[in-house]
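The values are calculated or read from the model by the stated rules, or taken from the named source; none is laboratory data. Predicted model, so just to flag it, every value in this text is computed and none were measured. FYI the Cβ positions are ideal-geometry reconstructions off the backbone, even for glycines, and counts take in every protein chain you see.
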Amino acid sequence: MASYRLLIEYDGSRFQGWQKQGARQSKEGVRTVAGSLEHALHEAGLRLLYLGGAGRTDAGVHALGQVAHLHLEPREAPRPGELRRILDAALPQDIAIRDVRSCPPRFHARHDALDRTYLYQISRRRSAFGKPWIWWVKRNLDQDRLAQAWSAFEGDRDVSAFADLDTEEDGRARIFRCELAEAGALILLRVRATHFFRRQVRRMVGAAVACALGEEEPRRIQEDLRNPTEAANLFWGAKASPASGLFLSSVRYPGDPEPGPPAPTITIP
């Protein structure tokens, strides 16, 4: 078995997320990032044994630093540089391979990760170019309230009120850092945690923006973190921010440095 570690970026605007969706993948109009990678490998005559990603990004969510592990049939398996050239030639333009390297067969992109970082881009003005990668909030945001609400998520938290959980999932996660920065007309919200649940970051962003607009109080976020209820889950679910502004920024493994300051993926003066 030939094993590789891939670093991938993609524009998620036209994808139904990372994960291949079984029989649905073959239907016209249903595109996933994993499915596109599998198709590229198949077209190159390579036999795929397994492909797994570090983060299960949802439909419309982008990635700057998705990590995947890939196992190929060892017979005629290419060197990492050649595999990158094969993928570069075969993949659609909204997926780019940033790095390919050999890795131990036991490496697992999801299970071996120490933490993941997501970046969300809010624009304070309409953009002619950035619409697929931002959330334009048309009303004025109170930045102090935004920062207060965003920082409320830091710590060992039960985020059940802010995520879509499977029945067997425990909603606890360690959120190391919630940061806010500015870049021109952009407000950048970054969060780093051990792991994330479905739609969690989008609900967190939506909750923080609701507070910044004066619709809710930051203390409500704190209360729903202490005592999550089904009613709170439904409430914050309706406040979720659009997928367009969300990026899987990076995934960290043993030996990797901690991520630096948040940087915008686009610049709106």
Exercise. Can you pull out the residues in the range 235-263 that are more than 24 Å from Gln121 (Cβ to Cβ) and either touching a residue at least 60 places away in the same chain (Cβ under 8 Å) or surrounded by 14 or more Cβ atoms within 10 Å (Cβ to Cβ) (or both)?
Worked result: Phe235, Tyr253, Pro254
Problem set entry | helices (runs of 4 or more DSSP H) contained in the range 146-261 and holding at least 2 residues out of contact with any Lys or Arg (no Cβ under 6 Å at 6 or more places or on another chain) and within 15 Å of Trp135 (Cβ to Cβ) | 200-212
For this session: Could you please find all residues in the range 37-69 being surrounded by 21 or more Cβ atoms within 10 Å (Cβ to Cβ) and in a helix (DSSP H, G or I)?
Result: Leu37
Seminar exercise, completed: Of (1) surrounded by fewer than 23 Cβ atoms within 10 Å (Cβ to Cβ); (2) among the hydrophobic types (A, V, I, L, M, F, W, C); (3) in contact (Cβ under 8 Å) with a residue 40 or more places away in the chain; (4) out of contact with any helix residue (DSSP H, G or I) (no Cβ under 7 Å at 6 or more places or on another chain), Ala232 satisfies every one except (4)
Exercise. Which ones in the range 1-16 are in contact with an Asp or Glu (Cβ under 9 Å, 6 or more places away or on another chain) and of a type in the set (Phe, Trp, Tyr)?
Worked result: Tyr10, Phe15
Exercise. Quick check: is even one residue across the range 169-180 crowded, with 20+ Cβ neighbours inside 10 Å and touching a residue at least 40 places away in the same chain (Cβ under 8 Å)?
Worked result: no
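Residue-by-condition table, conditions (1) surrounded by 14 or more Cβ atoms within 10 Å (Cβ to Cβ); (2) at pLDDT 95 or above; (3) within 16 Å of Ala181 (Cβ to Cβ); (4) within 20 Å of the chain's Cα centre (by Cα):
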residue	(1), (2), (3), (4)
Leu119	yes, yes, yes, yes
Ile134	yes, yes, yes, yes
Asp144	no, yes, yes, no
Ser160	yes, yes, no, yes
